[in-house]
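Written out below as C-alpha cells is the structure these notes cover.
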Amino acid sequence: MESNSVNRLSPMRDDMVIAKMFLSAAVAMIFTQMAGVVAGIIDGVVTSRFLGPEAYSSVSLFGPLISIIMLFASFVSTGGQIIASQRIGAGERKEASAVFAASILGGVVIALFFILMSLLAPAFLFRICGVSLDKRPELYGHMLDYLHGYMFGIPAAVMVQVMSPFLIIDKGKKLVSFSALVLCVTDILGDLLNVFLFHGGVFGMGLATAVSIWLQLCVLMTHFLSGHNSITFTFSALRRSHLIDIAKSGSVAFVKKIATILRDICTNRINLFVAVSTAAVAAKGMQGDLNQLMFCIGVGIGRTLVSMSSMYYGANDRQGLKKLFTCAMKTCIRLGGIFGLLVFLGAPFLARIYTNDPDVIRLAVLSIRSMAVSLVVDNLSVAYQDYLQGIGNRKLLSFMCFAERLVIPVIVAVVLGLGFGSVGVMVSLAVGKYLMAVVMLVVFCVLLKHFPRSIDEIMLLPADFGGKDADNLYAEIRTMEDVIRESERTRLFCEAHQVDRDHARLMALFLEEMAANIVDHGGSRNREGVCVDFRLSVQDGSICLSLRDFCKEFDPLRYYEDHDGDDPMRGMGIRIVIRSAKDVRYFNSFNSNSLLIYMDGTGNPVQEAAV
C-alpha cells in the first residue's frame, strides 16, 4: 500500500489551504501593526512641520516609553494567544474564553500601573528613555506635555494589543483591519485639528493619539456584540493555572521586548552622546519611525506564525508545519524585498515629508536607506524567532533575542558611533542585521555539525517529530475523483494499522461523505476552487483523521444534530461516527473549518487534540 503520498497538482497550489489561512491572517496583522505605527509617524511629521525640530525630537525620544508599555502588554497578549490557540485547536472554547478573560484582566492591571507612573514618576520614565532634566532641558518639557496627553490612551492601547490576536483567531480579522483604519484616519484628523484649530501644542498631539486609540478599541468591542464570536469574556472556567500558563508562554515575548527596549535606550544614549546637533537626533528619530513601520511586516508575519506553528506542532504534523514555515519565509523575502526597494528609492521624498532642513534631510536619507537594505534579513529573523516560540525552542530563541536585539546592535553602534559619529550609529542598524545573519549561520553549523542543506534542517525539529513515513498519509482533495481515491486509501491505511475491517470501512465512508460535502457545497473563497487538507496518521496507538478547508464556515456536528429527523440515509457514515464517537469536536480558527477524529485499535472512534 502507498502509505505516504500527497496529491501534487501544481507546485504553486499544493499548500493552498495553509497558505490562504496564513496569508489572510498575516495581512490583517501587518495592516493592524502598520496602522499603529503610521499614527505615530503622523504625529512625528505634523510635530516636526508645525511645532519645530525640538518638539519632534522629544516625541521621537518618547518611543522607548511606549515600547515599555507594549512590553508588558505583549507579555500578556502573546502568552494568551499561544494558550488560547492550543485550547481552540483542541475544541475547548470555554477554556479559550477563560484565557481571554485572564489576558484582559492582566491588561487592566498593566494599564493602571503605567497611568500611575505617568502621574507620579514621569522623570523616572524619561530617564529610562535616556533623557534627563539636567542634560536635555529643552526636550524634557515637550516630553512631559506629550505624556500628559498620551496617558489617557494607555488603557485602550493595552487592550488593543491584547485583544487583536484573539479576534484574528476568532474570525475577526476584517474587523481588526477596519479598526486599524479608524485609528489612522482619526489620528490624522486629530493632529490637524490640534495644529490648526485647538493649538494644543505637543500635549494636543498626545491627546489626539489617545482619542484615536479609544475609537479603535470601540470598533474591536463590536466583535463581541455580533453573536458570531466563539471567544467570550467569561470567568466560569477561569483558574489560576491559566495565569501561570500565560506567564510561561509570554515570558519569551517579554525577553524579546526587553532586549529591543534596552537596544533603543542604549542607541538613544549613544546618539545623544556623539550627536553634534539636533539634526542628528531628528534624523535618528525618522529612521526609528520608518524602521518601526517596516518592522511591522516581520511582526505581522511572526505573530501569525507563532499561533499557527504551535497548532501544527501540537498536532505532530511535520508536513503541515513545513508548508507553513516555507510559506512564512517566502512571504518575508517577497514583502521585504519589495518594500525595502521602495523605501530605498523613496528615501529623499520620505525625509522631505518631515522637514526641509538640508542637514536633517542629508542624514535622514542615509539612515533610511541603511534600514531599507536590511529589511529582508530583519523580516526573516523576526519570523524565525516567532517560529521558535511556536515550537517551544526557548533556548535558541533567548539567544537570538539578546544577540540580535541587544548585544550585536549596541556593540556595533558603539564602535561605529565612536568612529563615525551619528552617521555610524545610523548605519549600525544594517550592519548589525547582517552580522546577526552570519552568527546564525555559524549556530546552525554548530548544531547540525555541518552546513545546513535544507529547510527541514533549519526548522530544528526532533528527529521523530511527525512519526514514521509509513504512519502518515497526506493528500489534498479538490475533486470527486480525489474523494473516491482517498476513501479507498483510508480503508487500506486503517486495515494496515490493525483497525478491524468494519470500522476501517466506516472511517472510509465518513471521509467520502464529509469530503464530498465540502467539494460540492464548500463555497470556496478562492479562485482556484475548493481544497481540503487531508491527513491520516498514527499517534499514540490511534488512527487520526484530520480535515481542514478554507471554505465558508460549516459545523457538521451542529448541522447533523439540527437535522436529526431528516432522511437517516443521508450522511449515514457521518451520523454513525458522530453518534458512536466518545468525543467529536469541530472548530473554526483563522477562518478555516477543522474536524479531527481519532479511532483506537479496537475500532472505537474517539476525539483527541485538534490541529
May I ask you to derive the FRET efficiency for LYS552 and ILE455 from their Cβ-Cβ distance with R0 = 51 Å, giving the value to the nearest 0.05? 0.95
Hey, which of these cross-link pairs are over 26 Å Cα-Cα: LYS174/LYS433; LYS20/LYS433; LYS256/LYS433; LYS94/LYS323; LYS171/LYS323; LYS256/LYS330? LYS174/LYS433; LYS20/LYS433; LYS94/LYS323
Virtual spin-label span in nm between ARG127 and LEU192, 7 Å along Cα→Cβ: 4.2
Between LEU492 and ILE115, what is the FRET efficiency for a Förster distance of 60 Å, r being their Cβ-Cβ separation, to the nearest 0.05? 0.40
Linear extension gain, PHE465 paired with ILE411, 0.36 nm per residue minus alpha-carbon span: 15.6 nm
Likely footprinting exposure, ASP469, ASP357, fewest C-beta neighbours within 10 Å first: ASP469, ASP357
How far is it, in nm, from the label point at PHE235 to the one at LEU105 when both lie 7 Å from their Cα along the line to the Cβ? 0.7
So the FRET efficiency between LEU181 and HIS148, C-beta based with R0 = 25 Å and rounded to 0.05, is 0.35
By the Cα gyration tensor axes a ≥ b ≥ c (a/c under 1.5 gives rounded; else a/b larger than b/c gives prolate, otherwise oblate), the shape of the stretch 16-455 is oblate
Dipole in debye (nearest 20) - the stretch 16-455, about Cα centre, beta carbon charges: Lys, Arg +1; Asp, Glu -1: 1520
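Quick note: the coordinates plus some simple rules give every number you see, no bench work behind them. These numbers come from a predicted model, not from an experiment. Because the Cβ atoms are built from the backbone with ideal geometry, glycine has one as well, and the counts that use them run over all protein chains shown.
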